[in-house]
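The values are calculated or read from the model by the stated rules, or taken from the named source; none is laboratory data. Bear in mind the structure is a predicted one, so any value in this text is a computation, not a measurement. In this analysis, Cβ positions are derived from the backbone assuming ideal geometry, glycine residues included, and neighbour counts consider all displayed protein chains.
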């Protein structure tokens, strides 16, 4: 989030295994794509790209085994570059891999909600802005953020741990901001 916020609340990370599985499947498909085109065209660059994708794939499996945080975007970008540069008839696959590379990192980043004196912003695609006069109540208690809107919409999400003092300070800030918007 680039704007200045008085409070930025980070929501709990969700399970990313589905995203990782899709990424690994895309790696395998990219590897097979380059091998198939090598069989057809005998272009050694296809083998080079296949080997690079395989190296990325093995590195990511090793990172996963030792439980390090990892992103698949590097390998997906290499696949996209290989497709777009050598196999222009399949440009749509290259664009798909580019989109997958950028969306993968976004999908793995925990969602943040910024609270300023003017508004509340949810860091999502697209970014959502809410004015304080549209909010009836906002409370952070026991790692649970609840935002109750005046139109009966409710956002309730688990957050990263914050101390009791910070929770009280945040709740006072929200109460003051809501009362100031009336």
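Taken over region 132-179, the criterion of being farther than 30 Å from residue 108 by Cβ and in a strand (DSSP E or B) is satisfied by 136, 137. When every residue of region 65-79 is checked against the conditions, none turns out to be loosely packed, with under 13 Cβ neighbours inside 10 Å, modelled with pLDDT of 90 or more and either in a helix (DSSP H, G or I) or over 24 Å from the mean Cα position of the chain (by Cα) (or both). Every listed requirement among (1) in the same structural domain as residue 170 (by TED's automatic domain parsing); (2) over 16 Å from residue 8 (Cα atoms) is met by residue 144 save one, (2). Filtering region 89-127 to residues that are modelled with pLDDT of 85 or more, surrounded by fewer than 17 Cβ atoms within 10 Å (Cβ to Cβ) and assigned to a helix (DSSP H, G or I) leaves 89, 90, 91, 92, 95, 96, 99, 102, 103.
Of the candidates 39, 100, 50, 80, the single residue that is in contact (Cβ under 8 Å) with a residue 40 or more places away in the chain and either in the same structural domain as residue 143 (by TED's automatic domain parsing) or farther than 30 Å from residue 174 by Cβ (or both) is 100.
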